Amino acid sequence: MLEGRFEHKDSQGNSGKLGPGDVQWMTAGSGLVHSEMPEKEFAKSGGRLHGFQLWINLRKTDKWNKPDYQDVPSAKIPQVSTSDGKVSVKVIAGNYRDAKAVINTLTPILYLHFTLQPGGEVVQSVPENLNAFAYIISGKGLFGKDKTAIDEKNLIVFKNDGGNISIRESDNAKSPLDVLLVAGMPLNEPIVQYGPFVMNTREEIDKTLEDYRNGRIGKIDF
């Protein structure tokens, strides 16, 4: 969450509020019903809601795990700055140098929020078995060994060969570069998706829909 306030509630009894810089990591597993709504007082006063929701598929063997919910306030998210002070990094998942995220993930995931000041540069190593992309929240940066220029609200997918990913902010930039770098392990499994449900076969989707309609996945008591 970058701006505004949200409220979470789910059929496992979890609830929480999400403010600027906070992160919630929900693992649907065998299934749950959840609600994400603007926080009541924020909804009354109004304002800008700005955040990111990233969906990560689970391995077939993990899809029937018990649902899990991790509510992580901004103060608990590791934040690191480079020695020259031109780059700061929020470590949401995975690690940056010696800083390790507090969020636990079922598969190897890298989720880093970089803020680069003019002239700032960072080089991040990504294991060769992960696929990686960067989303530019604001600003304009130079990415990869070819220094490809990418503007805000665009995404770049890296062809990772086990090397390093470089991100640089122009020396003459007038504002910081804000970017998310995300990498994950490809599962190489069949995917069948219907609405918010992601399974491996059509039969599993049909069974999941039946469970949902009959309340077996759960209900929220508002």
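What follows is calculated from the coordinates using simple rules that are stated; it is not laboratory data. Here the structure is a predicted model, which means the values were calculated and not measured. Heads up, the Cβs are rebuilt from the backbone with ideal geometry, glycines too, and the neighbour counts pull from every protein chain shown.
Helix 202-213 against the longest principal axis of the chain: what's the angle in degrees, Cα atoms only, rounded to the nearest 10? In the chain, helix 202-213 runs at an angle near 70 degrees to the longest axis. Full extension of the segment from Leu106 to Asn131, taken as 0.36 nm per residue of separation minus the current Cα-Cα distance, would add 7.4 nm. Computed on the chain, with alpha-carbon pairs under 8 angstrom and 6+ residues apart, the relative contact order is 18 percent. Taking a Cβ cut-off of under 15 Å around Val91, the surrounding Lys, Arg, Asp and Glu residues balance to a net charge of +2, with basic ones at +1 and acidic ones at -1.
Distance from the C-alpha centroid of the range 106-123 to that of the range 136-157: 12 Å, rounded to the whole angstrom. Cross-link reach is defined here as a Cα-Cα straight distance under 21 Å, omitting same-chain residues fewer than 8 places apart; for Lys174 the lysines meeting it are Lys86, Lys140, Lys147, Lys153.
Using the Cβ-Cβ distance between Glu152 and Trp64 with R0 set to 35 Å, the FRET efficiency works out to roughly 0.30.
What does the highest-first list of 67-77, 188-198 look like by mean Cβ count within 10 Å? Walk me through the numbers before you get to the answer.
Values: 67-77: 15.2, 188-198: 11.9.
With the highest mean Cβ count within 10 Å placed first, the list reads 67-77, 188-198.
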